[in-house]
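*Asks:* Once you've had a glance at the structure underneath, I'll fire off some questions.
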Amino acid sequence: ADVLTFGVTPKNAEVLSGTSATISCVVTGLTEQLQSVKWERPNGGGDITSDTAGFIFDNGASSFGSNSQTTVLTIPANKSNVDATYKCVVQSNEHAKTADETNVQAKVFTMTSTPKSVANQVEQTLTCTINGLDGNNPVVVIWRENSGGTPLTGASDTDYGIDQGTVSSGTQSSVLTIKTDKMKTYNTGSSFTYKCSAKSSQYPESAESTELDVEANVLTFGVEAVSKEVLVGSDSTISCNVTGLTKALDFVDWETSSGTD
């Protein structure tokens, strides 16, 4: 006969702040269902009752098999705005475990973007910023042209390039480069929106986040002459006001009415 070893494996989660999270405990080495399963709130906040305050948990009894039982806790969105540690507490008579406790992490991150003004005759970049990450655990950022669309790859793509970014001081900035030919399809004076989402690499079973809008406004190029009228024989200053720029002009030249510099 093979003697089974009792074990509990936490299944942590990392999700976008303000969205529901699912965590679980996988209990192995069983020949019978656990006698009891409960979940406890963070910081000694007491037992969780399923279907109360938005929490839902399944003790896993109905899916018992292969000498294991998995208990799952769903944390509601309004309780998922800061990192938290929950406990699953199980009882197994066959292993003389009366209240075996295991910590399970529910980590959260935030996502931000700032609308950007762009020109449509050169390549441009859009940035999606993720905060609240562990230093060695970047998220996987997914870029899309539209909600629910096919993820952009960036690799060998004539329209796009993608830099996932690295984590520094808890922040990761992923950059989408929109190449020149693609930018030329956007009209001046218009706006467009791309979507970014993120998925944990630290806890890959975590769900992909909801999508964040990353907006851009296409500037219209314009030149306004600022003329002056002065007394003959005195100095005069005239100017051109150039609008619709995202960087300094590459070259400026002045010519007289006869065409000379």
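*Asks:* Taking +1 at the Cβ of each Lys and Arg and -1 at the Cβ of each Asp and Glu, which of Ser66, Leu34, Gly45 sits farthest along the dipole of the stretch 6-107 towards its positive end, judged by Cα position relative to the Cα centre?
*Replies:* Among Ser66, Leu34, Gly45, the one farthest towards the positive end of the dipole of the stretch 6-107 is Gly45.
*Asks:* Related question: Could you give the accessible area per residue of the chain, probe 1.4 Å, as a whole number in Å²? Intermediate values should be presented prior to the final figure.
*Replies:* Details: 14630 Å² over 261 residues.
With all protein chains present, the chain gives 56 Å² per residue.
*Asks:* Using the Cα centre as the reference, give the magnitude of the dipole from point charges on the C-beta atoms of the chain (Lys, Arg: +1; Asp, Glu: -1; all else neutral), rounded to the nearest 20 debye. Can you show the working numbers first?
*Replies:* Details: 16 positive and 30 negative charges, 109 e Å.
That gives a dipole near 520 debye.
*Asks:* To continue, here is another question. Past the 27 Å Cα-Cα mark, which pairs from Lys11/Lys116; Lys11/Lys199; Lys107/Lys182? Provide the component values of the computation, followed by the final result.
*Replies:* Working: Lys11/Lys116 39 Å; Lys11/Lys199 15 Å; Lys107/Lys182 37 Å.
Violating the 27 Å limit, Cα to Cα: Lys11/Lys116; Lys107/Lys182.
*Asks:* Continuing with the same structure: Place the peptides 112-124, 194-206, 12-24 in order of packing, highest mean first, counting for every residue the other Cβ atoms within 10 Å and averaging per peptide.
*Replies:* Values: 112-124: 15.2, 194-206: 19.0, 12-24: 21.4.
So the order, starting with the most tightly packed, is 12-24, 194-206, 112-124.
*Asks:* What does the charge dipole of the stretch 19-147 about its Cα centre add up to, to the nearest 20 debye, if the Cβ of each Lys and Arg holds +1 and the Cβ of each Asp and Glu holds -1? Intermediate results must be reported in sequence, preceding the final value.
*Replies:* Details: 8 positive and 12 negative charges, 65 e Å.
That gives the stretch 19-147 a dipole magnitude of about 320 debye.
*Asks:* Also, quick follow-up: Carbon and sulfur together cover what percent of the accessible area of the chain at a 1.4 Å probe radius? Before the final figure, lay out the partial values.
*Replies:* Numbers: 6870 of 14630 Å².
Looking at the chain in its full context, I get 47 percent from C and S.
*Asks:* With θ set to phi - 60° and the Karplus curve 6.51 cos²θ - 1.76 cosθ + 1.60, what are the ³J(HN,Hα) couplings of the stretch 45-54 in order, to the nearest whole Hz, using x for Gly and Pro?
*Replies:* Taking θ as phi minus 60°, the curve returns x, x, 6, 9, 9, 4, 6, 10, 6, x Hz for the stretch 45-54.
*Asks:* Over the chain, what is the relative contact order in whole percent, taking alpha-carbon pairs under 8 Å and six or more residues apart?
*Replies:* Numbers: 589 pairs, mean separation 44.9, N = 261.
Value for the chain: 17 percent.
*Asks:* Still on this structure: Let me test this: with uniform point scatterers at the alpha carbons of the stretch 136-211, what is the Debye-based log₁₀ I(q)/I(0) at q = 0.21 1/Å?
*Replies:* -1.02
*Asks:* Order the peptides 182-191, 250-259 from the highest to the lowest mean number of other Cβ atoms within 10 Å of their residues. It would help to have the intermediate numbers written out before the result.
*Replies:* Working: 182-191: 13.5, 250-259: 6.1.
Listed from highest to lowest mean packing, they are 182-191, 250-259.
*Asks:* Another one. What is the pair-distance distribution P(r) of the stretch 185-261, computed from all Cα-Cα distances in 10 Å bins starting at 0, with each bin given as a whole percent?
*Replies:* Once binned at 10 Å, the Cα pair distances of the stretch 185-261 give 12, 24, 21, 16, 12, 8, 5, 2.
*Asks:* A further question follows. Return the label of the correct value of semi-axes √(5λ) of the Cα gyration tensor in Å, as calculated from the structure shown, out of [x] 31, 20, 17; [y] 50, 21, 19; [z] 61, 18, 14.
*Replies:* Correct label, based on the coordinates given: [z].
*Asks:* Can you give me the C-alpha center-to-center distance between the stretch 34-112 and the stretch 189-241, rounded to a whole angstrom?
*Replies:* 47 Å
*Asks:* Have a look at Thr22, Phe251, Ala216 and report the one farthest towards the positive end of the charge dipole of the chain, computed about the Cα centre with Cβ charges (Lys/Arg +1, Asp/Glu -1).
*Replies:* Farthest along the dipole direction, towards plus: Thr22.
*Asks:* Under a Cβ-only charge scheme (Lys and Arg +1, Asp and Glu -1), can you give me the dipole magnitude of the stretch 138-246 about the Cα centre, in debye to the nearest 20?
*Replies:* Values: 7 positive and 13 negative charges, 19 e Å.
Computed charge dipole of the stretch 138-246: roughly 100 debye.
The values are calculated or read from the model by the stated rules, or taken from the named source; none is laboratory data. What you see is a predicted model, and the numbers here were worked out from it, not measured in a lab. When we count neighbours, we look across all protein chains shown, and the Cβ atoms used for this are built from the backbone with ideal geometry, even at glycine. The area values use the complete protein model at the heavy-atom level, side chains included, leaving out ligands, DNA and RNA. Shrake-Rupley method; radii C 1.70, N 1.55, O 1.52, S 1.80 Å.
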